[in-house]
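**Q** One structure, as structure tokens, below. Some questions next.
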Amino acid sequence: MPSCCPYAGPGDPPCVLSILHRRPRKTGPRFPVTVVQCRTHGHGFTLYPPSYAPYARQPVLQLGPDGTSVQGEKASSPSGAAGMESSKGVSAGLWTDFEGTLFHAALDAGEGRPWARDSLEEIPDKWWPTQGRHLGLAVRLLGLAEGFGARLRESIAQVLSVDLLFLKDQEHWVRDHPGYRGLGCAVCRVLSLLKGGARRARDLLFCGYLVGRWGRPLHWDPQRKILEHLPFPRPGPVA
């Protein structure tokens, strides 16, 4: 539980927080999310696990509910063993971090695995239209969408600590290879450069705010007991 609410300002009296209720979810986190009320400011807000955006069905990174990296049995690509690259080029490290996330569609696309277009043989759990939507969102979150202004792409590069020229090269690749596999390869190349452990989730969520997908993410740091407004300043130039 945080000790202050998102509406607290300098000089305000202390927040008085209480649990309003716990809201079950059909998708997303596998437990009810907590809705909190601040009596001081008269507002309610919802607490989400660190890698989830509001109402999202998938996280942006595989993390535990407390924000730590998932340990133990690591995922491996369908065609390769853990710690090795699959036969089609998507590293097992990406499968470990992004399998089951919003970027799962890009991982499958990078390996030439289209999701189901029909249910003639069996009822699939991954559909082609969904893969297309997830690929489109992934391309936007990583600054690869055609038509992005220079300032927006530069901001995304700074948040992700990725070279701006590299993002431009991948945007050109997406323009020249508009098929699902071309999009997946470009997304996987960018994901492979992201560093920082659990911090990657906060960076990706902030990119979603930059492109207008959801609101500005706030992160409660339980050790320092502060509400972080992302992103932090990055040392040195990235472009």
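**Q** Just to be sure I understand the model, the point goes 7 Å from the Cα along the line to the Cβ. What's the resulting Arg39 to His229 distance in nm?
**A** Here the answer is 2.7 nm between the modelled labels.
**Q** Can you work out ³J(HN,Hα) from phi for every residue in segment 129-145, in order, using Karplus 6.51 cos²θ - 1.76 cosθ + 1.60 and θ = phi - 60°, giving whole Hz and x for Gly and Pro?
**A** x, 5, 4, x, 5, 5, 4, x, 5, 4, 4, 6, 4, 9, x, 9, 6
**Q** Follow-up. If you build the convex hull over the alpha carbons only and average its shadow over all orientations, what do you get for the chain? Give it in nm² to one decimal.
**A** So the mean shadow area of the Cα hull is 15.3 nm².
**Q** Could you work out how far helix 164-176 tilts from the main Cα principal axis of the chain, as a 0 to 90 degree angle to the nearest 10?
**A** That works out to roughly 50 degrees.
**Q** Just the number, please: percent antiparallel of the DSSP beta bridges in the chain, rounded to the nearest 5.
**A** Rounded to the nearest five, the antiparallel share is 95 percent.
**Q** OK, next. Can you tell me which aspartates and glutamates have their Cα less than 13 Å from the Cα of Lys168? Leave out same-chain residues fewer than eight positions away.
**A** Straight-line reach from Lys168, under 13 Å: Glu146, Glu154, Asp176.
**Q** Same structure again: Tell me, what is the 1.4 Å probe accessible area of Lys126, in Å² to the nearest 10?
**A** Its accessible surface works out to 70 Å², give or take rounding.
**Q** Using a 1.4 angstrom probe, figure out how much accessible area the chain has per residue, in square angstrom, rounded to the nearest whole.
**A** 55
**Q** Based on the alpha-carbon gyration tensor of segment 82-163 and its eigenvalue square roots a ≥ b ≥ c, which shape applies: rounded if a/c is under 1.5, prolate if not and a/b is larger than b/c, or oblate?
**A** oblate
**Q** Still on this model: Note the angle between two axes, namely the Cα long axis of helix 180-191 and the longest principal axis of the Cα atoms of the chain, as a number of degrees from 0 to 90, rounded to the nearest 10.
**A** For 180-191 against the chain, the angle is about 50 degrees.
**Q** Would you grab the residues whose amide H sits under 5 Å from the one on Leu20? Only those 5+ places off in sequence or on another chain, please, with H modelled 1.01 Å from N.
**A** HN-HN under 5 Å from Leu20: Val35, Val36, Gln37.
**Q** So how do 197-203, 150-156, 138-144, 119-125 stack up, highest first, on mean other-Cβ count within 10 Å?
**A** By packing density, highest mean first, the sequence is 138-144, 197-203, 150-156, 119-125.
**Q** Here is a further query. How many angstrom lie between the C-alpha centres of segment 1-72 and segment 133-199?
**A** Each part's Cα centre sits 28 Å from the other's.
**Q** Note down the nm distance, to one decimal, between modelled labels 7 Å out along Cα→Cβ at Asp169 and at Leu20.
**A** 4.8
**Q** Which of rounded, prolate, oblate describes segment 138-195, given a ≥ b ≥ c as roots of the alpha-carbon gyration tensor eigenvalues and a/c under 1.5 marking rounded, otherwise prolate only if a/b is larger than b/c?
**A** Taking the square roots of the gyration eigenvalues as a ≥ b ≥ c, segment 138-195 is oblate.
**Q** For the chain, with all protein chains present and a 1.4 Å probe, just round the carbon and sulfur fraction of the accessible area to a whole percent.
**A** That fraction is 52 percent.
**Q** Please give the length that would be gained between Thr68 and Arg213 if that part of the chain were fully extended, namely 0.36 nm times their separation in residues minus their C-alpha to C-alpha distance (nm, one decimal).
**A** Full extension from Thr68 to Arg213 adds 49.7 nm.
**Q** Mean residue ellipticity at 222 nm from the helices of the chain, using -39,500 (n - 2.57) per DSSP H segment of n ≥ 4 over the full residue count, to the nearest 500 deg cm²/dmol?
**A** Per the formula, -9500 deg cm²/dmol.
The values are calculated or read from the model by the stated rules, or taken from the named source; none is laboratory data. Just so it is clear, the structure is predicted and the values come from calculations on it, not from any experiment. Note that each Cβ is placed from the backbone with ideal geometry, even for glycine, and that neighbours are counted across all protein chains shown. What goes into the accessible areas is simple: the full protein's heavy atoms, side chains included, and nothing from ligands, DNA or RNA. Shrake-Rupley method; radii C 1.70, N 1.55, O 1.52, S 1.80 Å.
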